[in-house]
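In what follows, a structure is listed as structure tokens, so that the remarks can point back to it.
The values are calculated or read from the model by the stated rules, or taken from the named source; none is laboratory data. Treat the numbers as computed from the prediction; the structure is a model and nothing was measured. Cβ coordinates were reconstructed from backbone atoms using ideal geometry, including for glycine residues, and neighbour counts include every protein chain displayed. Calculation scope for accessible area: heavy atoms of the full protein, side chains included, ligands and nucleic acids excluded. Shrake-Rupley method; radii C 1.70, N 1.55, O 1.52, S 1.80 Å.
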Amino acid sequence: MTTSNPPSVAPKKGFPVQQLFILALCRICEPISFTSIFPYIYQMIESFGIAKSTNEIGIYAGMVTSAFALAEFSTGMMWGRVSDNYGRKPVLIIGLVGTLVSMVVFGFAKSFPVCLIARALGGGLNGNIGVIQTTVAELVREKEHQPRAFAIMPFIWCLGSIVGPSLGGLLAEPTRFYPGIFPPGGILEEYPFLLPNLVASIVLVFGIANGVLFLEETHDVLKHRKDHGLEAGKKLLRLLGIKGHREGKYEGPDSYNSPPNESDRLLEPNETIAGYDSDSRSGPCDPNVHKKTAPITKAFTRPVVGLIISYGILAYHSMGYEQLMPVFLSTPPSNEPPQNFFKFTGGLGMNTQTIGFILSMQGIFSMLTQFFVFPPVARFFGILNVYRFCMFTYPLSYVMVPYLDFLPKHLQVTGIYVTLAIKIMYGVLSYPCNAILLTNSAPSLLVLGAINGIAASCASLARAFSPTITGIIYSKGLDINVVGLAWWVNAGVCVIGGAQCLMMKHEDFEGHHTEELGGEVDEEAVEHIAVEAQVAHERAPVGTGESVVNEYGLVIQAVEGEVATLSASSRSHYSSSVNNH
């Protein structure tokens with residue numbers, strides 16, 4: 001009887017605190033810049049004089065938001081390819097530089113076309129959402145570290161979404177609000193919305209410098225090339241007398257540069273991915289090799305397609321809310337009393353400072369709900385049950401908003417916070433539930449990355465059209481003295497999403513579908529899908545204000561860290577309920 005030697009276990013790497021901290025400093029610049037315009041966008045559009053009446057301002061505000069999202073969607077795939085060919089770090093730096101240029105141009109905009117160009121420029125030059133996710137994945141390969149690592153960037157976005165609106169609300173129109181500090185007659189009177197953009201640009205300059213000097217390349221092949229910025233950063237630290245601590249470049253067979261997670265689970269140690277040399281760290285043997293297309297369409301089963309559509313519906317009405325809320329808060333109140341509970345008009349007429357503070361509270365609500373509400377609720381009730389509840393009752397968070405007009409003046413701010421808290425609660429619960437259900441419904445882990453990529457693209461496209469459409473509906477509603485029209489249409493979209501949940505079955509999400517693609521994909525195709533799925537997940541843009549404000553700091557990877565626990569809880573809850581019946 002022969003005994004085989006047990007396989008050697010590679011030593012586990014520690015948590016890459018330093019590089020994740022540097023990456024977080026780069027990341028926080030973007031939500032600050034993106035969300036800083038929301039408090040004053042209504043006043044900015046009004047100052048252009050392009051709207052024939054105040055009722056049309058919502059349309060143009062929606063177009064500004066859509067310009068960023070549509071441009072980002074259009075170039076997301078391209079930036080993914082660029083990061084594959086030239087590295088993650090250059091794309092991240094270009095994204096920050098693009099945001100910087102966009103903010104400066106936006107601050108000096110004195111016409112609506114320039115405003116649109118500035119926002120489209122920021123979206124088109126920024127591919128950082130998908131690339132940052134890939135960078136984190138390449139930094140942290142140890143599975144036990146992944147939930148904590150992938151939760152950092154959403155948390156950073158929440159922090160940025162707190163600072164951004166406060167910055168925009170406090171610094172817009174400084175000569176009007178702070179004449180003692182910024183006297184009339186200067187450049188800030190000619191460009192009343194320049195100051196918050198300049199401050200955001202200064203933050204971006206620090207982010208760019210931090211990335212150039214201290215961020216390491218994580219691309220498995222390109223990270224070995226000489227990095228002049230990193231060398232300059234080391235010299236700077238030595239001049240300042242700071243001893244830099246490094247976790248290392250994560251090199252070698254026991255490093256974070258092991259095969260990506262999907263491939264790591266699916267390929268044996270002695271197998272190789274087609275087109276790559278397993279004995280070399282130099283990368284693809286022949287980058288021009290084109291493999292035959294694998295039948296990845298078989299991955300899109302009925303549950304998968306249903307969840308992708310549901311994700312798009314969720315992204316559409318969530319982004320509609322983010323677009324409508326600051327416009328509604330800025331809309332002047334009506335002098336006419338309400339005719340009935342359906343025909344009334346006017347907003348709350350708040351200034352930029354108040355709106356900025358209110359929007360900043362969204363980030364705080366999101367973080368508290370993310371950490372203290374979602375995990376216990378999901379474990380107790382089960383993922384599908386929580387998702388159904390959210391999708392069925394989500395319309396309530398939209399239906400009630402226009403009725404804030406009926407509250408006494410001293411209760412309106414309280415009412416706003418209540419509606420925000422309800423909306424955020426639904427968002428924080430529904431987005432991760434959708435991600436977990438999508439993961440568990442995948443017929444094979446080989447195609448999970450591609451499925452997530454398609455879902456992200458679908459959501460991004462929905463967010464691109466939602467602001468403009470909701471803005472048009474809001475404007476038409478004001479014309480006919482029905483300010484709630486856009487909110488109620490949004491609620492109707494929610495009802496469609498809730499009805500779709502009726503077709504979802506518990507057995508579709510038990511996570512035991514890896515055999516469904518068995519026999520359908522040959523060995524070469526399996527290897528091809530494993531690589532393409534990883535790339536597709538990186539290239540798909542996750543969205544803007546999703547990501548931005550709607551996602552509430554939750555991304556797919558962060559949720560996947562708890563998939564096993566939560567899905568097990570969901571199956572246990574479902575089994576116990578069946579036994580009880």
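Need the failing condition index for PRO179 against (1) assigned to a loop (DSSP other than H, G, I, E, B); (2) at pLDDT below 90, just the number.
(2)
Assess whether ARG27 counts as being among the basic types (Lys, Arg), under 18 Å from ILE202 (Cα atoms) and open to solvent by 10 Å² or more (accessible area, probe 1.4 Å).
Yes; evaluated as a whole, the condition is true for this residue.
Which one of these is open to solvent by less than 50 Å² (accessible area, probe 1.4 Å), at pLDDT 80 or above and either of a type in the set (A, V, I, L, M) or not in a helix (DSSP H, G or I) (or both): LEU446, LEU461, LEU437?
LEU437
Give GLY415, GLY427 a once-over and let me know the one that is under 16 Å from GLU322 (Cα atoms) and in a helix (DSSP H, G or I).
GLY427
Does any residue in the range 350-378 that is under 16 Å from TYR40 (Cα atoms) come within less than 6 Å, Cβ to Cβ, of a residue that is small (Gly, Ala, Ser) and assigned to a helix (DSSP H, G or I) six or more places away or on a different chain, and which pairs are these?
THR352/GLY169; GLN353/GLY169; ILE355/GLY169; GLY356/SER166; GLY356/GLY168; GLY356/GLY169; SER360/SER166
Report yes if ALA456 is buried (at least 24 other Cβ atoms within 10 Å of the Cβ) and modelled with pLDDT under 75, otherwise no.
yes
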